[in-house]
Amino acid sequence: MARLKDAGLYSLPGGGGEILDDEVRKRVSTKCTTDEWLAVMRAVHRVGLRSTATMMFGIGDNVHAPRQASAARARPCRMKPAALRRSSPGPSNAKTPRSAARIKDEPTGVDYLKMLAVSRLFLDNIENFQSSWLTQGLKLGQVALRFGANDMGSITIEENVVSAAGAHNRADEQMLRYLIREAGFVPQQRDILYRHIDREGRAPMMPRNPHRSVS
């Protein structure tokens, strides 16, 4: 990670975190173990890089225990303030052959909003929570701004993973700005480090209160 940072890397995505419960992970994927994923995140933070984290639930967990365990395992990763810049909990909406056969009770919109709200409270050192409108749809994504999310993410130019699972939601910048305003917030473009982008050409600025602005 130190070599990558010296070469110009400044952020690492948290995809692949899925849910940090190995029993569930083994049933739905062939990805690394929980301890391996956490070891990578710790290495990232030790050299001063930023990262994100995801929790994908509704993949055969069916009970709250794996979700609680996942959040508890991710929480110690906060080795320094804002090392984890963004968390994005969300149901999988998976309809791929590997996962569909294992899922009995698909999470509802209420389940998603509850998980988001609890995540905002429990993971109190993570500054930004992203609304999962790509999987949940634009209307529920808008409601999520009132349940702990302060980031609508971005427009999607090309996306293959979520669409392969059966979700085909799309939005442009004008639509996202409209949804944010109608929810009672002020749209603000950001870069990957959550610095505000000023289109007049001035340098990016860190938000004064990241919980009150939406990107």
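The values are calculated or read from the model by the stated rules, or taken from the named source; none is laboratory data. Note that this is a predicted model, so its numbers are computed, not measured. Every residue, glycine as well, gets a Cβ built from its backbone with ideal geometry; the counts of neighbours run over all protein chains shown.
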Single condition Pro89 does not satisfy, out of (1) crowded, with 18+ Cβ neighbours inside 10 Å; (2) modelled with pLDDT under 60; (3) out of contact with any Lys or Arg (no Cβ under 7 Å at 6 or more places or on another chain); (4) within 22 Å of Ala39 (Cβ to Cβ): (2)
When the residues of segment 28-54 are filtered to those that are assigned to a loop (DSSP other than H, G, I, E, B) and aliphatic (A, V, I, L, M), which remaining residue is farthest from Tyr10 (Cα to Cα)? Val47
Look at Gly153 and say whether it is touching a strand residue (DSSP E or B) at 6+ places or on another chain (Cβ under 6 Å) and either modelled with pLDDT under 85 or closer than 25 Å to Glu18 by Cα (or both). yes
Residue ID - farthest from Met175 (Cα to Cα), chosen from residues in segment 119-134 that are part of a helix (DSSP H, G or I) and out of contact with any helix residue (DSSP H, G or I) (no Cβ under 8 Å at 6 or more places or on another chain): Leu121
